[in-house]
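Data first, discussion second: the structure below is written as structure tokens.
The values are calculated or read from the model by the stated rules, or taken from the named source; none is laboratory data. No experiment lies behind these values; they were computed from the predicted model shown. Here the Cβ is made from the backbone with ideal geometry for all residues, glycine too, and neighbour counts use every protein chain on show.
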Amino acid sequence: MPVEPPPSRWAFPPADRWPPGEDLVCGGADLAPGTLLAAYRAGLFPMPLRGVAAMAWWSPDPRGVLPLDGFHVSRSLRRSLRRYEIRVDTAFDAVVAACADPARPHGWITREIRRAYQALHALGWAHSVEAWDADGLAGGLYGVQIGGLFAAESKFHVRTDASKAALAGLVARLREAGGARLLDVQWRTEHLATLGVVEVPRREYLRRLEAALRLPEAVVRA
């Protein structure tokens, strides 16, 4: 079971004070495990702003979520799935490092962010879902699990459809766990929309989050 860290010394603004339609909620605080967990439980996540020292905390309105029964597996992805073995938490640091590769466009995962999620992983809250083939780690994703929430943070691939295969593995595990589980992907993009990601208003997201947090942990570990 995950280990609850000391509580955060910071307080986030109540949800009913967040301006509708504004994705950026506040700035400051720290990335201690207790602060990160408090943020996710309140519907926020950290993402730094380039050139700004203080950490930025986001709650997109609308929010991108992937309904577990709406995950779309194309014919080509179905073929690709046969090539990969899905593992959980066998290469967390490698997945985060690949997601943080500075050569990737629009990179945002700093050394501070990496250390923060490694600390959450050590406590049992952050997980990686990985796609492996005969040549090694082909792709994967990492995120935070609290109760019935899985907040996906970032993904990568070095071979075709490997990150999608990892996502398919995560969806399958969350489905097996049952209940009204919430797979949060932060923002809907055109690419994610092809996989079934939809947008929900922040108010609806927070309602689903409240219900999800009451559920027992899904065993996403292998």
* Structure fact -> Within segment 198-218, the count of residues that are surrounded by 15 or more Cβ atoms within 10 Å (Cβ to Cβ) and within 11 Å of Leu182 (Cβ to Cβ) comes to 9
* To do: Please enumerate the residues belonging to segment 57-107 that are part of a loop (DSSP other than H, G, I, E, B), surrounded by 13 or more Cβ atoms within 10 Å (Cβ to Cβ) and polar (S, T, N, Q).
  => Ser59, Thr90
* To do: Could you list, in sequence order, all residues of segment 75-91 that are more than 26 Å from Gly178 (Cβ to Cβ) and either touching a residue at least 60 places away in the same chain (Cβ under 8 Å) or over 18 Å from the mean Cα position of the chain (by Cα) (or both)?
  => Arg75, Ser76, Arg79, Ser80, Arg82, Arg83
* Asked: For segment 117-140, how many residues are under 19 Å from Leu37 (Cα atoms) and either within 14 Å of the chain's Cα centre (by Cα) or without any contact (Cβ under 8 Å) to a residue 60 or more places away in the chain (or both)?
  -> 9
* Look at segment 6-27 and say how many of its residues are surrounded by fewer than 18 Cβ atoms within 10 Å (Cβ to Cβ) and either within 21 Å of the chain's Cα centre (by Cα) or touching a residue at least 40 places away in the same chain (Cβ under 8 Å) (or both). => 8
* Scanning segment 40-93 for residues that are of a type in the set (Asp, Glu) and touching a helix residue (DSSP H, G or I) at 6+ places or on another chain (Cβ under 7 Å), which turns out farthest from Pro20 (Cα to Cα)? -> Asp93
* State all residues of segment 1-54 that are closer than 20 Å to Glu112 by Cα, in a helix (DSSP H, G or I) and not hydrophobic (A, V, I, L, M, F, W, C); if no residue qualifies, say none. => Pro33, Gly34, Thr35, Tyr40
* Structure fact -> Here the residues within segment 89-142 that are at pLDDT 95 or above and of a type in the set (S, T, N, Q) are Thr90, Gln118, Ser128
* Within segment 141-157, count every residue that is within 15 Å of Arg173 (Cα to Cα) and within 12 Å of the chain's Cα centre (by Cα). => 10
